[in-house]
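Structure, as structure tokens:
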Amino acid sequence: MSISFFIGGARSGKSISAENYTLNLGNNPFYMATCEILDEEMALRVKRHQQRRDKNWTTIVAPLDISGEIQKIGTRGPVLIDCLTLWLSNHLLNKNNLDEKIDELITTLINSKSDIVLVSNEVGTGIVPDNLLAREFRDNAGFMNQKVASVSDEVYWVVAGIQTQIK
Amino acid sequence: MSISFFIGGARSGKSISAENYTLNLGNNPFYMATCEILDEEMALRVKRHQQRRDKNWTTIVAPLDISGEIQKIGTRGPVLIDCLTLWLSNHLLNKNNLDEKIDELITTLINSKSDIVLVSNEVGTGIVPDNLLAREFRDNAGFMNQKVASVSDEVYWVVAGIQTQIK
Amino acid sequence: MSISFFIGGARSGKSISAENYTLNLGNNPFYMATCEILDEEMALRVKRHQQRRDKNWTTIVAPLDISGEIQKIGTRGPVLIDCLTLWLSNHLLNKNNLDEKIDELITTLINSKSDIVLVSNEVGTGIVPDNLLAREFRDNAGFMNQKVASVSDEVYWVVAGIQTQIK
């Protein structure tokens, strides 16, 4: 089973790249959305994503328990998880232990019985944020991305819709 | 006719890379600046850019109507457009429809009779901005960059003055 | 003597990449830390870095005078400098002339008698910062990174712990 990782900025085209990649992995793809639809802005984003996707996808909303959902899917994958930074942010807002959650995710990925494709944001190449919470989130997101990349078979850096394989 | 696209961060050296590239395309290069000189800070930036450039360049200031200016230049190019994020920002401040403006630009690029070289900023890899306007701009800039890259023959990612061809 | 440059975002894994690279350059590596330990948050970061490093390293704290310390080390290197953006920030806070400091650094690098490995942050690919000081810092950091890259024999772009040689 393979683990593939797409990382890029906001609106870099990383989701489309990852979707196309997932479609080539198998006929019964799962789309695991990590967002909770809490406001108009988010609703618009989800709608835009859904309109783009083929009807073949099975959509699962998993704002917190990615690991449990991956285990439930078992061998029925491939599974696209979009995106990890939002999942991490949800755990931060729920005051969960992020190190534990990240390690749990890594263990689940390694033991997954389906091909997994993950999408995440690079959030660390702007100016240092003013507030401590944003800095903590940025640190945790960076560590998460490193760990996910280290267990991934393939890693793609996405800029302006162009994917470049870096691992 | 070719379309080439240089994308990178602020002060990444993308303008110099794009200038050198444009000079190799032909003897009568046009430099299309998208800035309006509204303050001291901007004046300094423009001056720095101009001092660096060879005297052969014909400079055109086009804060809003890139498409019209490209059409006027016709076959007399090549044309360097620096930069698209500022052009998009100008349209945002003028409350114009950004989707329409981007689509108009794409159509003009496809139909251009001169070689075109475009410069743009990656603005999506920092922490999510606090305010809605910045998020909207970031989204629109990302979508614009994707569309421009998709019609470009060559795309270069620029970091610390080093250009890497990604398409 | 070689100059090598690792650039990436916060928590991109650039320090680990640079450390491993430096260890392959020689048996008596120097670690030049540019931070002043002013608060708890910084102390935690330094501790995390130190715990990761092998006992063979000689640590030097050089928040301002990298050039002097490189000269003192002479031929006893290799030297890892982590990181340049913090060094630049220290000079900014001390109201020193950044152009002069950067040029002095470049001269020192060119004349160094040991292999030098430098680490720096890409800080220019987020939204334009609100305040003038942050914009000035971003500009200066970008120019510094360009100059350092231009005199480097090898440049690596680091994302999610994955290093990609771009020069």
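Quick notes on this one:
- Residue satisfying all of: in region B:1-19; under 20 Å from C:Ile127 (Cβ atoms), among the hydrophobic types (A, V, I, L, M, F, W, C) and within 12 Å of the chain's Cα centre (by Cα); farthest from the other protein chains (Cβ to nearest Cβ) among these: B:Phe6
- Across region A:57-79, the qualifying residues are those that are open to solvent by 50 Å² or more (accessible area, probe 1.4 Å) and more than 15 Å from the chain's Cα centre (by Cα), and the one among them that is farthest from A:Glu36 (Cα to Cα) is A:Thr75.
So that you can scan it fast, the table gives a plain yes or no per residue for (1) touching a strand residue (DSSP E or B) at 6+ places or on another chain (Cβ under 9 Å); (2) part of a strand (DSSP E or B); (3) of a type in the set (Asp, Glu):
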| site | (1), (2), (3) |
| --- | --- |
| B:Tyr21 | yes, no, no |
| B:Asn28 | yes, no, no |
| B:Glu41 | no, no, yes |
| B:Leu64 | no, no, no |
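- Single condition B:Arg45 does not satisfy, out of (1) in a loop (DSSP other than H, G, I, E, B); (2) surrounded by fewer than 20 Cβ atoms within 10 Å (Cβ to Cβ); (3) within 14 Å of chain C (Cβ to nearest Cβ): (1)
- Scanning region A:52-62 for residues that are farther than 13 Å from A:Ser15 by Cα and outside any strand (DSSP E or B) gives A:Asp54, A:Lys55, A:Asn56, A:Trp57, A:Ala62.
- Matching residues, region B:124-167, being under 25 Å from C:Asn145 (Cβ atoms), at the interface with chain A (Cβ under 9 Å from one of its Cβ atoms), modelled with pLDDT of 95 or more and open to solvent by 50 Å² or more (accessible area, probe 1.4 Å): B:Lys167
- Considering only residues in region C:1-19 that are among the aliphatic types (A, V, I, L, M) and part of a loop (DSSP other than H, G, I, E, B), the one that is modelled with the highest pLDDT turns out to be C:Ala10.
- When C:Ile106 is tested against the conditions (1) more than 11 Å from chain A (Cβ to nearest Cβ); (2) within 28 Å of B:Met42 (Cβ to Cβ); (3) in contact with a Ser or Thr (Cβ under 7 Å, 6 or more places away or on another chain); (4) of a type in the set (A, V, I, L, M), the lone failure is (3).
- Of residues in region C:24-42 being at pLDDT 80 or above and of a type in the set (A, V, I, L, M), the one most open to solvent (accessible area, probe 1.4 Å): C:Leu25
- Options B:Ser112, B:Ser120: the member that is open to solvent by less than 30 Å² (accessible area, probe 1.4 Å) and more than 9 Å from chain A (Cβ to nearest Cβ): B:Ser112
- A:Leu93 being at pLDDT below 95, under 28 Å from B:Asp130 (Cα atoms) and not hydroxyl-bearing (Ser, Thr, Tyr): yes
- Residue tally, condition of a type in the set (A, V, I, L, M) and in a loop (DSSP other than H, G, I, E, B), over region C:103-155: 3
- All told, B:Asp39 meets the bar of being farther than 30 Å from A:Gln163 by Cβ and either more than 14 Å from the chain's Cα centre (by Cα) or among the aliphatic types (A, V, I, L, M) (or both).
The values are calculated or read from the model by the stated rules, or taken from the named source; none is laboratory data. Quick caveat: nothing in here was measured; it's all calculated off a predicted structure. As a convention, Cβ positions derive from the backbone with ideal geometry for all residues, glycine included, and neighbour counts pool all protein chains shown. These area figures cover heavy atoms from the full protein model, side chains too; ligands, DNA and RNA do not enter into them. Shrake-Rupley method; radii C 1.70, N 1.55, O 1.52, S 1.80 Å.
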